[in-house]
Amino acid sequence: MSINHYLEVPEFPVEIEGRVRYSEVDRFGVAHNKHYFEWFEVGRTEYCRQKGISYKEIEERGYVLVVVEAFCRYRRPLRYDDRFLIQVACREAKPKKIVFAYQLLSLDRSTIIAQGYTVHVPVNSKAEVISLPDSILASLIS
C-alpha cells in the first residue's frame, strides 16, 4: 500500500487547535520535526475521547496500541507561537491494525503545514499482538 493511500482522507471528523510553545522550537524559532508526531498524538488522543473511548479506557481494558509505523510529510514550517489546527481521522480499523491520518493546517485552513499517519497494533501486557474487540473498533470508526 502506498504512503499516499493513508494520506487521502475524504474528511477529518476531529479537529483541535494547537500552538507552538517556546520549548518546541530551535534557536531559529522553527518547530523541531519531532514535535509534529507529538501533535499527532495529541490529536489521536482527542479523537478517541470524542469517539467515546479514551486511550486510558482502552488500556484499562487490557489493550495497548503500539505505534509500528509513523510518517510525516512536512510542507511548511511552524514557528514559535504559531496557532494551527490538528485534524484527525481513523483511516483503517481492523482487529489487529489501526491507522490514523493527520493534517496540520493554518487557522484559516488555507495552508497545509504537514500531513501524516501512524499505524498501530494492539498488544497485551506481555507485548503479544492481540485482536481488538468489535466494541472498540466500532467506537473508533463511528
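So how many residues does region 81-106 have that are touching a Phe, Trp or Tyr at 6+ places or on another chain (Cβ under 9 Å), farther than 16 Å from Y36 by Cα and either surrounded by fewer than 16 Cβ atoms within 10 Å (Cβ to Cβ) or basic (K, R) (or both)?
Qualifying residue count for the region: 1.
Could you please find all residues in region 116-135 being closer than 25 Å to E8 by Cβ and of a type outside the set (A, V, I, L, M)?
Once the filter is applied, which keeps residues that are closer than 25 Å to E8 by Cβ and of a type outside the set (A, V, I, L, M), region 116-135 yields G116, Y117, T118, H120, P122.
Quick check: is even one residue across region 62-77 aliphatic (A, V, I, L, M) and either within 17 Å of I16 (Cα to Cα) or modelled with pLDDT under 95 (or both)?
no
Look at region 56-86 and say how many of its residues are of a type in the set (D, E, K, R) and in a helix (DSSP H, G or I).
Qualifying residue count for the region: 4.
Considering only residues that are charged (D, E, K, R) and either closer than 19 Å to F100 by Cβ or in a helix (DSSP H, G or I) (or both), which ones fall in region 121-142?
Result: D134, single match.
The values are calculated or read from the model by the stated rules, or taken from the named source; none is laboratory data. Keep in mind that this is a model prediction, so the values were computed, not measured. When we count neighbours, we look across all protein chains shown, and the Cβ atoms used for this are built from the backbone with ideal geometry, even at glycine.
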